[in-house]
1. Over the heavy atoms of Ser285, what accessible area does a 1.4 Å probe trace out, to the nearest 10 Å²?
2. What order do His164, His295 take when sorted by accessible area (1.4 Å probe), most exposed first?
3. Provide Glu444, Glu284, Glu320 ordered by accessible surface of protein heavy atoms (probe 1.4 Å), highest first.
4. What net charge do the residues around Pro150 carry, taking every other residue with its C-beta under 15 Å from that of Pro150, with Lys and Arg at +1 and Asp and Glu at -1?
5. Express in Å², to the nearest 10, the accessible area of Tyr370 obtained by rolling a 1.4 Å probe over the protein heavy atoms while all chains stay in place.
6. Pull out the extension gain between Arg337 and Lys480, defined as 0.36 nm times the separation in residues minus the alpha carbon to alpha carbon distance; nm, one decimal.
7. What does the charge count near Ala389 come to, summing +1 for each Lys or Arg and -1 for each Asp or Glu among other residues with Cβ under 11 Å from its Cβ?
8. First measure r as the distance between the Cβ atoms of Gln142 and Thr104, then evaluate 1/(1 + (r/R0)^6) with R0 = 30 Å and state the FRET efficiency to the nearest 0.05.
Amino acid sequence: MLKRLFQVPLSTTHLPPGSSASSHSPTNFPQPIKAADKQRLIKLSDPQDKVCVSDWSCSQHFTSSAPMASSETLQVEQLKQHIRQQQQLRQVECKLRQTLNFSTIAGTAVVETAGIFNAKQVTLVRYDRATQSCQQVVRYCQNQRLAWQPACNISETEFPALLHQLWQGKMLRILPGQLETSSSVLTANDAQTQATVDSDVDNVLESSASESSVSESGVPEHEIQQWLARWPGSWLLIPIKKSPSVQPTQSSLTEHHPIDDDRSTEAEAFDSWGFMALALPKRESWTDTAASVAHSITVTFTAAIQHAQQYHELTVANQELQKLALSDGLTCLANRRRFDEHLTDEWQRLAREKQPLSLILCDLDHFKRYNDTFGHPAGDRCLIRVARALLSGPQRPADLVARYGGEEFAIVLPNTDTHGAWRIAQKIHESIRALQIKHAPDNEESYVTVTMGVSTVIPGHDNTAQMLVQASDLALYHAKQQGRNRTYVNGHYNTVSEDQVMGKQTEGPNQLDVMPVEAGE
């Protein structure tokens, strides 16, 4: 490649005022420059200077670019505004997706929408098919005065055409000047007709009742007047759908759609959730760009409430499944799995608090004989009635009544000493006797009875929950050996005094049947 000596001046921005590039720093070319070298020289120039080469001669000079035209400036401002709106939309979308709680989603939607458009009022309205009316869910007001306006609760009988347009998936503009532009101008040929109408008031009323004038939005003027009388302002109503397959469109200002009688069918066809109502001051109006941005917010809100609804349904389904997994199918009490979990949890909690934990094991007396006499269906009904009677004993929220297995039941009593467990056992005896369920003819007792074993312990590191279960089972076995229909307390796992454990008990209604220490060990 040929190397030539040449000098290239900087941009004219670096030159003194009034001086040119040729006069201040001329460009000297010892030899003519070829076209390929010209392109190389252009590439070597600083792109930040924004200069252009006019000619390659001894009088070569550089000129700055021309100032931007006004139309280009307007386009740049519009582009910047569009970028700001898109950034605001992304922020709103992120905030709506941060939670799955419907109340939080609705509140965020109205507040953020009002912030974007500087709206004086934003309301979310939900459609109720049962009452065929729209009820206000949440509303944002710019000042306290607007909060005193009536709630946006409307019915299909009040605004039939307006709701019809919304259920068709159309956005509506309700503007204060809409009535003036939509009013018809009378010609000279209509002067006589107008004079006749003015002279006959009854005919005017009859005509207005039977045939209402319709505005450009497809909504009768009397509905627009009724809306603006309740909620003044420049309104934009955007339908909110449930199904993502249906997209709302902006309503035509010239086309009028006939109103059908079956409103519920229209709402179902659109799969409507409701609509969002945005209000600007009376002097402002909604542009197509603003309506498009507002519609984008409703689309994001629709997706958010769908996710919240799915999460709620999934949570309810999981709760039902867990309830089925932890409950007995026949008696609806807690099952053995739930009993084991609850006993372990309470054992750990009471071990930290150093509080007593009591357990009652309950067994129906000679239940096999009852089934053999009356049949298994009657035995199932007996178990259900006994289960309801067992629930009448425990009163605290932490108490648990569970079906331990077959005709055996278990009652967990946290923060309960031996005397408290004994009183609950006696109350259960009374409840079951009050049922008066007839037993088999060859049974010792005429009615169904139960036998219970009680044990109490303060959980610690030297004992386990399984030891408490074994102690109650041993007390239950001892009670059955003594003739059933009674309650025994384990002599080793209890909180009664030593004299009572040794059998030195006082006579009275609160007398405890305590197993001897030898049998408890």
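The values are calculated or read from the model by the stated rules, or taken from the named source; none is laboratory data. Owing to the predicted nature of the structure, the values given are computational and were not obtained by experimental measurement. Ideal geometry is used to build each Cβ from the backbone, glycine not excepted, and the neighbour counts take in all protein chains shown. For the accessible areas, the whole protein counts, side chains as well, though only heavy atoms, and no ligand, DNA or RNA atoms are used. Shrake-Rupley method; radii C 1.70, N 1.55, O 1.52, S 1.80 Å.
1. Ignoring ligands and nucleic acids, Ser285 comes out at about 70 Å².
2. Ranking His164, His295 by accessible area, largest first, yields His295, His164.
3. On the way: Glu444 135, Glu284 75, Glu320 100 Å².
Descending accessible area places them as Glu444, Glu320, Glu284.
4. Details: positive: Arg139, Arg145, Arg230; negative: Glu158.
With Lys, Arg at +1 and Asp, Glu at -1, the neighbours total +2.
5. 20
6. 48.9 nm is the gain from fully extending Arg337 to Lys480.
7. That works out to +3.
8. In this case the efficiency is close to 0.90.
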